[in-house]
1. For Arg361, what charge total do you get from the other residues with a beta carbon under 10 Å from its beta carbon, if Lys and Arg give +1 and Asp and Glu give -1?
2. Going by a 4.7 Å Cβ-Cβ cut-off, which cysteines of the chain have no partner at all?
3. Can you give the helix-only mean residue ellipticity at 222 nm for the chain, where every DSSP H stretch with n ≥ 4 adds -39500 (n - 2.57) and the sum goes over all residues, rounded to the nearest 500 deg cm²/dmol?
4. Note the full-extension length gain between Ala232 and Arg257 as 0.36 nm times their separation in residues minus their Cα-Cα distance, in nm to one decimal.
5. Quick query: amide H of Phe348 versus all other amide H atoms, modeled in the peptide plane; which residues come in under 5 Å with a sequence gap of 5 or more or a different chain?
6. With θ taken as phi - 60° and the coefficients 6.51, -1.76 and 1.60, list the Karplus ³J(HN,Hα) couplings across region 445-459 in order, rounded to whole Hz; mark glycine and proline as x.
7. Mind checking which lysines have their Cα closer than 22 Å to the Cα of Lys399? Skip sequence neighbours fewer than 8 apart in that chain.
8. Along Cα→Cβ, 7 Å out, is where each label goes; now give me the distance between the ones at Ser293 and Glu242 in nm to one decimal.
Amino acid sequence: MNSDSARSEDAITELILTAKAKAYEETDHEPEPNLTTAVDWPVECSVGPGLEGAIACESKIGYVNGSKGWLIYRGYDIFDLCARSSFEEVSYLLLHGALPTADELAAFRTALYARLFIPETQRLLLSFPVQDMNPMAALRLGTNLMRQKQTYRDRRELDAFGAPIASDEDSIAMETVPHGERRPVYEFAPGAADRGPSPEPSTLVASEEIASCYNLIAGVSSVAATIGRVRAGRLPLEPIPELGLAGNYLYMLTGRRPSPMEERVMDVCLILHADHGMNASTFASMVVASTLSDIYLAIGSGISALAGPLHGGANVEVIKTLDEIGSADRVVDWYKKASENKRKIMGFGHRVYKAYDPRARILGPLAELLASQSETVRPLYETAAALEREVVSTLGAEKKIFPNVDFYSGLVYQSMGIPAELYTTIFAVSRVSGWCARVVEYLENNRIFRPRAIYTGSFGENYVPVEDR
Ligand code: COA
């Protein structure tokens, strides 16, 4: 790494630690009193619409304190994880319950790298009109196709033939060397057959279920990158061994080896989206898993729930809003009209946070740093910052509405040249590790989810035959 990139990475760590100091200064970070260690079911709680306040399960995975603005994964503060950790380490922590040793981390990275190779799933996916599909619908499809193809096993079958994938007409073309051309490249780099994954570390993957989680954590990023490539008129790329998951996602999407700075930025983004309590997509995954359906189908449900504009889809809507506003000097007028029309401002508000979202505390300054280096993103950032000032000065005081995780993430991705329609798929690339961890934890003491509705309809209606109505 040259000294420039080391400096840029240091700048990111510095920025996160500064955000942490500000958060600690503004909110109370004393350890939570009365920590719950065991629960006597049934528990009493008051439930509002949208299951607000309802308690669905016990969990040791993550904790969100909305009034203080805390986000904790397995006891570790999100600021510390973003400053010092990697997405692989955080995924291991969420799934296995403790930070890995150096050997465990190396084995986990190897296992994930192996699972980035999903040629059979890509082949199936490319038989659908991916370029015309909603990217989240395509991601769900690809994830469910992985179920048919159990990614790692596919790879091993291919190994038996001695080549990663053939370029005959029965195969999908794989662009193993990016040529920078908008057309299929049916050739393989010399030695491509040797670049395959190393053998599975046997101590790590204790069950079929954990193997499926590994398939999903790696595979969703390969599918997401494939979707981005196909939408750009390109072909899927194989991962490269020198890069981690964040770097390989960027590489497989763009065909360009990311700079250390870009890799680090993506890593931070993946860390801070990885888990967030009983959010709608996590709950959706858990509901499906609780029927003992299948973890691939469960994660597919998480992807579906995440797609909505009230959840992960908000990051795409934010960019549309900023485009609609046009420039920082138009924010005041635009916001006045939006408030008069009782319009919800995308990227603001949260069911749980009634303080500044700690993820936005990191993403805001990150977006500012990246925007300062990009002529195209700078005006958008300035518009976003002006909008934040307007919203916080009114709704912040009145209703405790602040920017959420989705407000600045799109600007960060935009600064890396990623098209807006892919932003929610990046959220999924990260959240899949939280979904998997929560599903696995819940299944240890599974009980099918089955809440009630309060019937407010009528009784005693007389059935009238259709011809008499
Ligand atoms: N812009 C303007 N007003 C907002 C708002 C926003 N983004 N989010 C919430 N409010 C207002 C509501 O209008 C409501 O006002 P009222 O009490 O006068 O009726 C109040 O704040 C409570 O909002 P409510 O919609 O009941 O909160 P919720 O917990 O049901 O919904 C969200 C939470 C996240 C769905 C909601 O804040 C929202 O739609 N935000 C925009 C979408 C978004 O960014 N989603 C990503 C979440 S990470």
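1. Working: positive: Lys20, Lys22, Arg359; negative: Glu26, Asp357.
Overall, the nearby charge balance is +1.
2. Cys45, Cys57, Cys82, Cys269
3. Details: 18 runs with 242 residues, N = 469.
-16500 deg cm²/dmol, from helical runs alone.
4. 7.3 nm
5. Asn404
6. 10, 5, 9, 4, 6, 7, x, 10, 10, 8, 6, 10, x, 9, 10
7. Lys22, Lys68, Lys336, Lys337, Lys342, Lys344, Lys354
8. Label at Ser293, label at Glu242, 4.2 nm between them.
The values are calculated or read from the model by the stated rules, or taken from the named source; none is laboratory data. Nothing here was measured: the structure is a model prediction, and the numbers come from that model. We place every Cβ from the backbone using ideal geometry, glycine too, and count neighbours over all the protein chains shown. We work out accessible area using only protein heavy atoms, side chains counted, and drop any ligands, DNA or RNA first. Shrake-Rupley method; radii C 1.70, N 1.55, O 1.52, S 1.80 Å.
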